[in-house]
1. Please report how far the C-alpha centroid of the range 418-485 lies from that of the range 50-121, rounded to the nearest whole angstrom.
2. Using Cα pairs closer than 8 Å and at least 6 residues apart in sequence, work out the relative contact order for the range 172-217, in percent.
3. Compute the helix-to-body angle for 131-142: its Cα long axis versus the longest principal axis of the chain, expressed 0 to 90° and rounded to tens.
4. For a protection proxy built on the mean count of beta-carbon atoms within 10 angstrom, sort 238-245, 197-204, 73-80 highest first, please.
5. Based on alpha-carbon positions alone, could you give the equivalent ellipsoid semi-axes of the range 163-271 from the gyration tensor, as √(5λ), descending, whole Å?
6. From Cα pairs below 8 angstrom and at least 6 apart in sequence, can you work out the relative contact order of the range 311-392, rounded to a whole percent?
7. Sum -39500 (n - 2.57) across every DSSP H segment of at least 4 residues in the chain, then divide by the residue count to get the 222 nm mean residue ellipticity, nearest 500.
8. Working from Cα positions, state the angle (0 to 90°, nearest 10) between the long axis of helix 28-43 and the longest principal axis of the chain.
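Read-outs throughout are calculated quantities, based only on the coordinates presented, and are distinct from any laboratory measurement. These numbers come from a predicted model, not from an experiment. Neighbour counts run over all protein chains shown; Cβ positions are idealised from the backbone, glycine included.
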């Protein structure tokens, strides 16, 4: 797997990420995922992106980070999302004060309403005209106190019913953000992907209730960012994995797995602590300043009518279209995204969203330049590698593909072995680079589908195993790709 493309992030933002890394000594890749979702949360109610003449998309991002205990998920959450946590605390205090005033005014209003209703009732019983009282009542209803709204950016431990009501009542643009994934994955909110998917797509979502009023969330946007431990994520996959992937939920997400290669545990030394007077801290300050600017802008630009629709410059539009076609080429049976067609179907949209966010963060309301599209593509490609690691080999797809290729080679050349380097050079395209081939060979050998031998010069050779024609991988549709032609 290639290293994370940090150069795809603008220098000021990259320097802020590096400073967060110095402070937390957490994996930089995890910090990047947090920062991108923080930008999404700040911008999703301010901008949309025009991808083609017929497609205008929200910019909200969905992301899963799988990281074991000790990777400092909570520390990263507190630092990166600090402006939102502070805003929500202030908003809650303000809401509590406003509710006290609202309750006081409501009591006064109710007394006036009761008094007028009684006057109407008495007048009616006496046969007196009630028009004057009715006009007073109509005017009173026009002055009925409106409950205050509590604009929250972050929900982290909520039922789907409560979240939907909050989005309808207070703000349709919000975030489902947590550093403790069990708060979300073990709750019903993630057991029905329909609602989550609708919010990513920017569709209206109707809620019909047996008890309580029904309503529709209009112009809803949701940033989803879940950091969770591997056992909790695996348990969710056992319970809801097929449903979540089948619905396209995971395909909408950037997924990141902090494995041994990305973990920083064992490398956190006191000598790495940053100097509080270091000049680089100015980039953290700039990050918070820019974030607070966007939060203030959200207050004055409430509602979809205030959203700016960002378009691509001509060169950027052409770059996006070429990326779209490149993704399409990569979903062939033996190509890079062969077993990730669901992820590939959303990747072009995610490239556009990310390009819009990077552009708006750095330059504000202007056409999206080509560089942002190319940078977004670099980031999305890296996240697709992560998706391949987590989801790409479900049902033994790559093992079946290699067995199919080997069977054709044995049948057509009438040899009893194939050199390992021949697979690397001429085998299925998807297995020619990286470490995936080694993992596939290891799994096939353990199942005795193949045997490994060595020539007199020490060259590794692959032979038919005792279960070459009958194993769990031959049931996969990919098994017929080569030899059945």
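1. Cα centroid of the range 418-485 versus Cα centroid of the range 50-121: 55 Å apart.
2. 22 percent
3. Helix 131-142 and the main axis of the chain meet at about 30 degrees.
4. Numbers: 238-245: 14.6, 197-204: 18.5, 73-80: 20.1.
My ranking of the peptides, most packed first, is 73-80, 197-204, 238-245.
5. Details: eigenvalues 196, 52, 32 Å².
They are 31, 16, 13 Å, listed from largest to smallest.
6. It rounds to 37 percent for the range 311-392.
7. About -17000 deg cm²/dmol.
8. Roughly 30 degrees, rounded to the nearest 10.
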